[in-house]
Amino acid sequence: MKTKAVRMYGTRDLRLEEFELPKIKDDEILVKVMSDSICMSTYKLVEQGKKHKRAPQNIDTNPIIVGHEFAGVIVEVGEKWKDQFRPGMKFAQQPALNYKGSLASPGYSYEFFGGACTYCVIPHEVMELGCLMPYEGESFFEASLGEPMSCIIGGYHGNYHTNKRNHDLTGGTKEGGDIIILGGCGPMGLGAVSYGIQFENKPKRVVVTDIDDARIARAREVIPEAKAAEHGVELLYVNTAAMKDPIQELIDITGGKGYDDVFVYIPNRSVAEMGDKLLAFDGCLNFFAGPTDKEFSAEMNLYNVHYTSAHILGTTGGNNDDLIEANRLAAQGKIEPAVMVTHVGGIDSIADATLNLPKIPGGKKLTYTQFDMPLTAIEDFGKLGETDPLFKKLDEACSRNRGLWNAEAEKILFEHFGVEV
């Protein structure tokens, strides 16, 4: 079967090509990819090329398919897996494989397995690890966004707290505590807000910082303070650039206590150091943002580590349970992965969008791989809809949903381009 895919041959060398997939083996599965959201990790991959720890050294002759936040429909099932999977099933997948210690992952390491394509072959290790999962949700895009949401959920579960009675640790953010998400009005930060206001370890308060009024305004629009209040959580958005003394003013919000859980969502030294200074007694700082600089560092107060039980960790990726939780909560409508999405495009937009990802404003870039379509900001749908009936329909669908991408809009695209599900 032929597939069309975006393949990486080397540093900043992405090509949209059509080629033949090998016939699947008895322990493999052929899938039709429907949606693939673009991750900043893929940008880091194409910037580093062969230097990336997950990239094979022969990509110049055996290019890999990029993209790892994808979902779709199973087309053909190898004999070994016919008791678990069947053609026509929707799927989600967990790209963090760690198979027998290998760093190989879809979107980084495989010739015929990745998200930026029309069809791909899922190798045996994915099923053996339980990383191919049936998906029951209505829309494909939420399953694509299940992977970044699983990273967020993994961050919440990865935090921990101690006590002075014994050496037992309590996992997760502190129940009834104060959470601050530094640099939290970007796509991942908004996902963290959506999850945090209804996490089982429900906080008393979530404070979200940014230095851009426009990003804060959009955050308030897609996750209003009133929505958090429905869950019994106080939600505050603050612009630290407008504060005379950000650290003191942020601590004052907690009544002088500081924050039990600090999430650093941008790889910035001053922001990380601010997070350290905001910690309460037994506070946990999660350096969630992944820097590209291998020498990235910041000063931490080790006096507080010793005397006030401050602790620092970093989480990256999520596990199978995190992805299952993400997909379940999205299907139930309890979290809204759509808050992350600001642009939508087709397979022909992936290479350029990936190469220029830091330069494109907004949040997540969501792509559909079964058709061509320019990468388009959701906020531009209305203007485009004045002359284009497709964008008029998309704008109306999003306007009915607080300006967010949604299942109705996805169906409109599939119908317009004649995509069979």
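The values are calculated or read from the model by the stated rules, or taken from the named source; none is laboratory data. Being a predicted model, the structure only gives us computed values, none of them experimental. Glycine gets a Cβ as well: all are built from the backbone with ideal geometry, and neighbour counts include every protein chain shown. Quick note on the areas: whole protein, heavy atoms, side chains included, nothing else; ligands and nucleic acids left out. Shrake-Rupley method; radii C 1.70, N 1.55, O 1.52, S 1.80 Å.
Which of the listed residues, C151, H161, G183, is farthest toward the dipole's positive end in the range 110-214, when Lys, Arg count +1 and Asp, Glu count -1 at the beta-carbon?
H161
If you roll a 1.4 Å probe over the chain with all protein chains in place, what percent of the accessible area is carbon or sulfur?
49 percent
Counting each pair of different Cα atoms once, what's the Kirkwood radius of the range 26-116 in Å, rounded to one decimal? Numbers along the way, then the final one.
Values: mean 1/r = 0.0715 Å⁻¹.
Hydrodynamic radius (Kirkwood, Cα only) of the range 26-116 equals 14.0 Å.
With +1 on each Lys and Arg Cβ and -1 on each Asp and Glu Cβ, and nothing else charged, work out how big the dipole of the chain is about its Cα centre, in Debye to the nearest 20.
Dipole size: approximately 440 debye.
Estimate the FRET efficiency between N320 and L384 by the formula 1/(1 + (r/R0)^6), using the beta-carbon distance for r and 30 Å for R0, to the nearest 0.05.
According to the calculation, E is roughly 0.15.
For the range 35-93, which trypsin sites (Lys or Arg not before Pro) pass both filters: DSSP loop (anything but H, G, I, E, B) and at most 14 other C-beta atoms within 10 Å?
When the trypsin sites (Lys or Arg not before Pro) of the range 35-93 are filtered for loop state and at most 14 Cβ neighbours within 10 Å, K53, K82 remain.
For the range 104-110, in order, what is each residue's ³J(HN,Hα) by Karplus, 6.51 cos²θ - 1.76 cosθ + 1.60 with θ = phi - 60°, in whole Hz (x at glycine and Pro)?
The phi angles translate into 4, 9, x, x, 10, 10, 10 Hz.
What FRET efficiency comes out for K411 versus H231 if R0 is 22 angstrom and r is the Cβ-Cβ distance? Round to the nearest 0.05. If you can, show how the numbers build up before the last one.
On the way: r = 29 Å, r/R0 = 1.33.
Computed FRET efficiency for K411 and H231: 0.15.
Ratio of alpha-carbon Rg to the 2.2 N^0.38 Å globular estimate for the range 336-393, to two decimals, please. Show your work: numbers first, answer last.
On the way: Rg = 11.6 Å, N = 58, 2.2 N^0.38 = 10.3 Å.
Compared with the compact-globule rule of thumb, the range 336-393 sits at 1.12.
Quick one: Debye curve from the C-alpha atoms of the range 57-183, no solvent, what's log10 I(q)/I(0) at q = 0.09, 0.11, 0.13 Å⁻¹?
-0.37, -0.52, -0.68
Structure shown: which of K2/K32; K174/K277; K90/K364; K25/K80 lie over 20 Å apart, alpha-carbon to alpha-carbon? Write out the running numbers ahead of the final one.
Details: K2/K32 11 Å; K174/K277 18 Å; K90/K364 22 Å; K25/K80 9 Å.
Pairs exceeding the cut-off: K90/K364.
With no solvent and one equal point scatterer per Cα, compute the Debye intensity ratio I(q)/I(0) for the range 132-227 at 0.18, 0.19, 0.22 Å⁻¹ and report its log10, rounded to two decimals.
-0.92, -0.99, -1.17
Provide Rg and Dmax in Å for the range 236-320, with only Cα atoms included in the calculation.
Answer for the range 236-320, Rg first and Dmax second: 13.3, 44 Å.
In Å and from the alpha-carbon atoms only, list the Rg and Dmax of the range 270-410.
Here Rg and the maximum Cα pair distance are 20.4, 65 Å.
Apply the Karplus curve 6.51 cos²θ - 1.76 cosθ + 1.60, θ = phi - 60°, to the phi angles in the range 352-364 and return the couplings in whole Hz, x for Gly and Pro.
Values, residue by residue: 5, 5, 5, 5, 10, 3, x, 8, 8, x, x, x, 5 Hz.
Accessible area per residue, 1.4 Å probe, Å², for the chain: what's the number?
On a per-residue basis, the chain sits at 43 Å².
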